[in-house]
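What follows is a short report on a single structure.
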Amino acid sequence: MRFHFCDDAGKDGFGWIVDEAATRTSHALAADGKVWLVDALDWPDALARTLSLGDPAGVIQLLDRHNRDCGTLATRLGVPHLVVPDELPGTPFSVVPVRRSKRWRESALWWPETRTLVVADAFGTNRFFTGGKAELGVHLLLRLTPPRALAANEPERILVGHGEGLAGPGAATALHEALASSRRALPGILARLPFAARA
């Protein structure tokens, strides 16, 4: 796999993304001398950069099926592997339940100090989520029942598990627009899905 860095937040962390259609994205989040990996894929360059931000404190897996390399990295670093947590005591993050069903368990993170929302699969920025027509889109299988709980806060940064994140005053607007158009945009998303796979 080929990777490149993305979502640079300076001392607060960064992301890395696979050069592929699915654009799987991982993140390192740093605070108070500690760093947490989120939905991480193993890339030596990213791991080295992660360790430069602080002491590893945990590997957070926000989606039950997003195994990626989370378990392997947690074992290597000697830190907990936290799968779809309901709470994260001792961290700067609040957990927002996204979905709790037998076939889909997902949590999101809200980091109030940096106004950052971290989402695994509920939202994404690649063409499979947006159809190429928006900055941010709801997962295809959640469009009829979008996760409106994620709109409770006004993020200034949104990090997603598929695609590069959004940052700045437009992030909250993109979130609200994605939720508002979730059902309405579904036919267009389905029509453009074959083109997203080829892009």
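The values are calculated or read from the model by the stated rules, or taken from the named source; none is laboratory data. Keep in mind it's a predicted model, so treat the numbers as computed, not measured. Note: ideal-geometry Cβ built from the backbone for every residue, glycine included; neighbour counts use all protein chains shown. Areas reflect the complete protein model, heavy atoms only, side chains present, ligands, DNA and RNA absent. Shrake-Rupley method; radii C 1.70, N 1.55, O 1.52, S 1.80 Å.
For residues that are open to solvent by less than 50 Å² (accessible area, probe 1.4 Å) and within 20 Å of Glu20 (Cα to Cα), tally how many sit in the range 139-163.
Selection size over the range 139-163: 6.
Quick test for you: out of His81, His4, pick the one residue that is in contact with a helix residue (DSSP H, G or I) (Cβ under 8 Å, 6 or more places away or on another chain), open to solvent by 30 Å² or more (accessible area, probe 1.4 Å) and without any contact (Cβ under 8 Å) to a residue 40 or more places away in the chain. Talk me through it step by step, then tell me what you get.
Working: His4 fails: in contact with a helix residue (DSSP H, G or I) (Cβ under 8 Å, 6 or more places away or on another chain).
Just a single option satisfies the conditions, and that option is His81.
Return a yes/no flag: does the range 53-70 have any residue that is under 23 Å from Gly124 (Cα atoms), at pLDDT 95 or above and part of a helix (DSSP H, G or I).
Yes, the range 53-70 contains a residue that is under 23 Å from Gly124 (Cα atoms), at pLDDT 95 or above and part of a helix (DSSP H, G or I).
Going through the range 40-60 one residue at a time, which ones are open to solvent by less than 20 Å² (accessible area, probe 1.4 Å) and either over 19 Å from the mean Cα position of the chain (by Cα) or touching a residue at least 24 places away in the same chain (Cβ under 8 Å) (or both)?
So the first thing to find is which residues in the range 40-60 are open to solvent by less than 20 Å² (accessible area, probe 1.4 Å), and the list is 40-41, 46, 50, 54, 58-60.
Ala40, Leu41, Ala46, Gly54, Gly58, Ile60 - these are the residues of the range 40-60 that are open to solvent by less than 20 Å² (accessible area, probe 1.4 Å) and either over 19 Å from the mean Cα position of the chain (by Cα) or touching a residue at least 24 places away in the same chain (Cβ under 8 Å) (or both).
I'm trying to understand the selection: among the residues of the range 8-28, which are closer than 18 Å to Thr91 by Cα and in contact with a helix residue (DSSP H, G or I) (Cβ under 7 Å, 6 or more places away or on another chain)?
Listed by number, the residues that qualify are Phe14, Ala28.
For the range 134-147, how many residues meet the condition of being under 16 Å from Gly165 (Cα atoms) and out of contact with any helix residue (DSSP H, G or I) (no Cβ under 6 Å at 6 or more places or on another chain)? Working first, answer last.
From the range 134-147, those under 16 Å from Gly165 (Cα atoms) are 134-139; that's our starting set.
Narrowing further to those that are out of contact with any helix residue (DSSP H, G or I) (no Cβ under 6 Å at 6 or more places or on another chain): 134, 139.
Total meeting the criteria: 2.
Would you mention how many residues in the range 88-126 are open to solvent by 10 Å² or more (accessible area, probe 1.4 Å), more than 18 Å from Gly13 (Cβ to Cβ) and assigned to a strand (DSSP E or B)?
Looking only at that region, the number is 6.
So which residues in the range 7-34 are surrounded by 18 or more Cβ atoms within 10 Å (Cβ to Cβ), among the small types (Gly, Ala, Ser) and in a loop (DSSP other than H, G, I, E, B)?
Answer for the range 7-34, where residues must be surrounded by 18 or more Cβ atoms within 10 Å (Cβ to Cβ), among the small types (Gly, Ala, Ser) and in a loop (DSSP other than H, G, I, E, B): just Ala9.
With Ala28, Ala21 as the choices, which residue is at negative phi and in contact (Cβ under 8 Å) with a residue 40 or more places away in the chain?
Values: Ala28 fails: in contact (Cβ under 8 Å) with a residue 40 or more places away in the chain.
Result of the check over Ala28, Ala21: Ala21.
Looking at the structure I just gave you, is Leu37 outside any strand (DSSP E or B), crowded, with 20+ Cβ neighbours inside 10 Å and of a type in the set (A, V, I, L, M)? Please lay out each step first, then the result.
On the way: outside any strand (DSSP E or B): no; crowded, with 20+ Cβ neighbours inside 10 Å: yes; of a type in the set (A, V, I, L, M): yes.
No, not satisfied.
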